[in-house]
Amino acid sequence: MATLSQWVEGARPRTLPAAVAPVLVGTGTAFALSRANAADALLALLVSLALQVGVNYANDYSDAVRGTDHARLGPVRLVGQRLATAANVKLAAMFCFGAAAVMGLALVALSEAWVMLPIGAASIVAAWYYTGGKHPYGYSGFGELFVFVFFGLVATLGTMYTQALRLDLAGWAGAVGIGALACAILVANNLRDLRGDAAVGKRTLATRLGDRGTRWFFAALVLDFSTAAISSIPHPSQCRITIAVRSAGVSVSNASFIFAASCALPANRSGEGAASFTSLSGSLSGAPSATRFGCSRRESSLLRCRSLSIA
């Protein structure tokens, strides 16, 4: 039976900044319109976190029952490592989705943003069918599209709309940037799992693009995020707090992004699990320096990531 700490690890807490970032950016955009609401922002944050944890548990369950999750690098796998039963992990996922639904309903009722009801329901359905159901779209190369739409556009613009009851170009730019960064996290994870996914027939976008194509796609997403982040900065005449809130959203999402990128490569042939990641942004811009990250795998198959050097 899994311990509490193993359940926490199974929830993949390092992915949670990706759920916090769109709420901060959406709230910052609403603040720029003088329509920010702390209660609505808190409910949106709880919904986003519940959905993120629910997706993580659902992926743990679905990948394991399909037999694609028994020999992976990365975070703890509750079912794959036989730490918890498949039924219990599925129950945990459903509990998180149910909590997200209840809090989402409260948010819609308080904000009277009724258009968000079907969008919220679609978010929960999409979260389950990412790796669940008979034909999971995450196994067909559409996972990045789901992440961009629901963890980027819907999460950011939904937060903004429930507070301001309107959208603007700055909000859209911020949403596109957050979506691109969330996609980059998924692409880094899929690059790490490329060989294993290909071996078990899991046709992620990374397996379709190949190693080199996936790296260029990753670089393009990071560039898109940077461009969108700059575009979403409000006019200098607007309050500095707005800029600070949006910057916080970018920062917390970057924390999750850096961890995912540092674990993007599979273990080397020596079996030590050491891998290096070199940011493509430096080479694309002609800068002489690059940031390298590495991951070492413990005997328990968990990864401990560390920064190796900044040359």
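With respect to the stated conditions, G196 fails to be under 19 Å from the mean Cα position of the chain (by Cα), in contact (Cβ under 8 Å) with a residue 24 or more places away in the chain and assigned to a helix (DSSP H, G or I). Cβ-Cβ distances below 9 Å connect the following pairs, each with a first residue in the stretch 110-137 that is of a type in the set (D, E, K, R), a second residue that is surrounded by fewer than 20 Cβ atoms within 10 Å (Cβ to Cβ), and a separation of six or more residues or different chains: E112/L165. Of all residue pairs spaced 6 or more apart or on separate chains, those with beta-carbon atoms under 8 Å, a first member in the stretch 1-13 that is on the phi < 0 side of the Ramachandran plot and a second member that is assigned to a helix (DSSP H, G or I) and small (G, A, S) are A2/G10; W7/A92. Can you confirm whether the stretch 65-88 contains a residue that is surrounded by fewer than 19 Cβ atoms within 10 Å (Cβ to Cβ), in contact (Cβ under 8 Å) with a residue 24 or more places away in the chain, in a helix (DSSP H, G or I) and touching a helix residue (DSSP H, G or I) at 6+ places or on another chain (Cβ under 7 Å)? Within the stretch 65-88, one or more residues are surrounded by fewer than 19 Cβ atoms within 10 Å (Cβ to Cβ), in contact (Cβ under 8 Å) with a residue 24 or more places away in the chain, in a helix (DSSP H, G or I) and touching a helix residue (DSSP H, G or I) at 6+ places or on another chain (Cβ under 7 Å).
What about A21, is it surrounded by 24 or more Cβ atoms within 10 Å (Cβ to Cβ), in a helix (DSSP H, G or I) and at pLDDT 90 or above?
yes
Would the stretch 130-153 turn up any residue that is touching a Cys at 6+ places or on another chain (Cβ under 8 Å), under 14 Å from L51 (Cα atoms) and either surrounded by 14 or more Cβ atoms within 10 Å (Cβ to Cβ) or among the aromatic types (F, W, Y) (or both)? Checked the stretch 130-153: at least one residue is touching a Cys at 6+ places or on another chain (Cβ under 8 Å), under 14 Å from L51 (Cα atoms) and either surrounded by 14 or more Cβ atoms within 10 Å (Cβ to Cβ) or among the aromatic types (F, W, Y) (or both). Would you mind finding the one in L91, L45 that is touching a residue at least 24 places away in the same chain (Cβ under 8 Å) and either more than 18 Å from I185 (Cα to Cα) or aliphatic (A, V, I, L, M) (or both)? Going through L91, L45 in turn, just one is touching a residue at least 24 places away in the same chain (Cβ under 8 Å) and either more than 18 Å from I185 (Cα to Cα) or aliphatic (A, V, I, L, M) (or both): L45. Residues of the stretch 163-193 that are more than 20 Å from S111 (Cβ to Cβ) and more than 19 Å from the chain's Cα centre (by Cα): L169 alone.
The values are calculated or read from the model by the stated rules, or taken from the named source; none is laboratory data. If you're wondering where the values come from, they're calculated on a predicted model, not measured in any experiment. Positions of Cβ are generated from backbone atoms using ideal geometry, with glycine treated the same way; all protein chains shown enter the neighbour counts.
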